[in-house]
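Asker: I have a structure I would like to understand better, so I am pasting it below and will then ask my questions one at a time.
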Amino acid sequence: MGGFGWLPDIMTDRRKWLAALSQSMPKAKSKNELLDLIDQALAVAAPEGDPATLETLGRTYRDQLDEVGDLYKRVDKVARKGLPEVWVGDTSVLAQDAVGAASRSVSEMADAFQGGARALLALSDAVKDAQQQDAAGRRTLNDARGGLGGRDGYLDGLIETDEEKQALAAARSVAAAGADLMHKAAVAAHDAAGVAARDLNKWAAEARTGKMDTDELSAVDRLMLADASGVKGEAEYNEILTANELERSGRAMENLSPAERARMEKLMADASSPQEKAYLMKALAAGHGVGEVETFAGKIHGKDPAWLQEHLSPITTQGDSLDDQGTKYNGSNVNTDRQDFDSQGWTQGGDGQEGTCVASSTVTARAMVDPLYALELTGGPSGQEDDPDAFRQRLVDEQHRVHTEGDGGANWNSMGLDGKTEVLNKEVSPDTGSAYELQEVRTADARRDALPEIEKAVAEGKPVPIGVEGHDDNGKRSGHAMMIIGQEGDMLQIYNPWGTTTWVSEDDFVNGGMAKASNDGLPNAYAVHLPQD
């Protein structure tokens, strides 16, 4: 599947225009003015889409479930038998592990088919309902127009009888009701398209094994790499290679010379765990050459999966992190995950006191997508350190470097949006392959329109920076920078450089509820930086 970020955009102006018309009609001062408003409303296009086609597509996805279910039963049966220690694939994978990964992959495939079918069928129903409501609104508008009769000439408007006044008042009410029906239809279609775009993008990103499009690794190897997860937290939320990284690493393998490819395959074959292999490919996806990957491999070789996750993945997501446990006195979520390395948080200034939130978010985002960079921070030059104080010093030094690079203010305080764009494109873009562009989102409509692109990006594994702000009783502004790093259903995972992650809803993002990720002094999102394909 491709991206679906464009779907809601085609309906945004329609929604706004109908809202304005429905508010203007009750205030129309003359028959001709009301007729003009009615004509303008009727000229607005109806909600687009063919419900029958969408339903057919949804049922086609759903019909695949029986075949996938049969395949799952066969693979699962093999997985439970217990295989001898047979090595398969180009990079030496245990057959037992490969069959287990295949079982999980088939299960994910079934989820994707079911999720895609559900999204398309829901969109079909929503479009059908919206088109019916829009049609009812048009009939009501035509009734109002019919009750008004023809347009007044110049002299007709000079004297208005009581009957004409009553007819105009009645027509205003009827016309406003019709425009309101059309507006509600446009809102419903817009929102349904946004939900469909979100869900389809998510399921497209979940088709993980197919993202690594290379013949240089066997199907078994690609399967195992897509399946590899950290051992802490929920496996589904802690996959080592994102959809974007699977695609980039596969492309990088294709572009290696035969000699470099042989070196890379040997590194993979010598790796001691699926997680170690995955981090080697993650390094390749981040743009590092085989020589750099070899040096990195020497530093992590033989380390157990828990050590690898601690040193190479700044963010660990717990299985219960999505549970709603309410909010604290300051509006922030009770349920947050601290993100630490060896007891020291991935925190701005080391303790959350400095104003380097932009630089700190950027540093953590880069560490999420580049394991060599993460290891430089956590493990030092040797890659072997487990010293929280040394990590803190390196982390703060790096935050200061990036803050200066973005022309941040004195005393490690305040970086402008231009500086933020600059540091993102210097520090993170080379690792993800996508340049960042600023998009201001100072209204609920603007935030709603940005959601499909945000959710598509994070589903692929590209962090999305977000600026939040608030004003005190005296009008003094406060601002903060955070990072959207995940999406599940209608929930967004937020990394706050105060050293935590938590989840907020789409509604929180759109309607001023971002205090849940910070505090009640910072409720409103005002800017995002979106990765461009």
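The values are calculated or read from the model by the stated rules, or taken from the named source; none is laboratory data. Just so you know, these numbers come straight off a predicted model, no measurement behind them. All Cβ positions, glycine included, derive from the backbone under ideal geometry; neighbour counts span all protein chains shown. The accessibility values were calculated without ligands, DNA or RNA, using every heavy atom of the protein model including side chains. Shrake-Rupley method; radii C 1.70, N 1.55, O 1.52, S 1.80 Å.
Asker: Just checking, how many residues over segment 243-274 are closer than 25 Å to Val458 by Cβ and open to solvent by 30 Å² or more (accessible area, probe 1.4 Å)?
Answerer: Matching residues across segment 243-274 total 4.
Asker: Give me the pairs: first residue in segment 376-403 and within 21 Å of Glu294 (Cβ to Cβ), second residue open to solvent by less than 80 Å² (accessible area, probe 1.4 Å) and assigned to a loop (DSSP other than H, G, I, E, B), beta-carbon distance under 6 Å, and six or more apart or on different chains, which are they?
Answerer: Taking only residues 6 or more apart or on different chains, the pairs are Gly379/Glu385.
Asker: Can you tell me which residue within segment 393-422, out of those that are in a loop (DSSP other than H, G, I, E, B) and open to solvent by less than 50 Å² (accessible area, probe 1.4 Å), is nearest to Arg442 (Cα to Cα)?
Answerer: Checking each candidate, the answer is Gly416.
Asker: How many of the residues making up segment 298-309 are open to solvent by 10 Å² or more (accessible area, probe 1.4 Å), more than 28 Å from the chain's Cα centre (by Cα) and in contact (Cβ under 8 Å) with a residue 24 or more places away in the chain?
Answerer: Of the residues in segment 298-309, 5 are open to solvent by 10 Å² or more (accessible area, probe 1.4 Å), more than 28 Å from the chain's Cα centre (by Cα) and in contact (Cβ under 8 Å) with a residue 24 or more places away in the chain.
Asker: Here is a further query. Looking at segment 343-382, which of the residues that are in a loop (DSSP other than H, G, I, E, B) and of a type outside the set (Ser, Thr, Tyr) is surrounded by the most Cβ atoms within 10 Å (Cβ to Cβ)?
Answerer: Trp346
Asker: Ok, one more. Does Asp111 satisfy the condition of being modelled with pLDDT of 65 or more and open to solvent by 30 Å² or more (accessible area, probe 1.4 Å)?
Answerer: Considered against the rule, which asks whether it is modelled with pLDDT of 65 or more and open to solvent by 30 Å² or more (accessible area, probe 1.4 Å), Asp111 comes out as yes.
Asker: Just the residues that are in a loop (DSSP other than H, G, I, E, B) and more than 22 Å from the chain's Cα centre (by Cα), please, taken from segment 271-297.
Answerer: Those that are in a loop (DSSP other than H, G, I, E, B) and more than 22 Å from the chain's Cα centre (by Cα): Ala271, Ser272, Ser273, Gly287, His288, Gly289.
Asker: Also, quick follow-up: Limited to segment 279-295, what total is found for residues that are farther than 18 Å from Ser257 by Cβ and surrounded by fewer than 21 Cβ atoms within 10 Å (Cβ to Cβ)?
Answerer: 1
Asker: Separate question: Exactly one of these conditions fails for Asp340: (1) open to solvent by less than 60 Å² (accessible area, probe 1.4 Å); (2) at negative phi; (3) free of Cβ contacts under 8 Å to residues at least 12 places away in the same chain. Give me its number.
Answerer: Failed condition: (3).
Asker: Further question: Consider only pairs whose beta carbons are under 6 Å apart and that are at least six residues apart or on different chains; among these, list those whose first residue lies in segment 38-50 and is open to solvent by 40 Å² or more (accessible area, probe 1.4 Å) and aliphatic (A, V, I, L, M) and whose second residue is in a loop (DSSP other than H, G, I, E, B) and modelled with pLDDT of 90 or more.
Answerer: Nothing qualifies.
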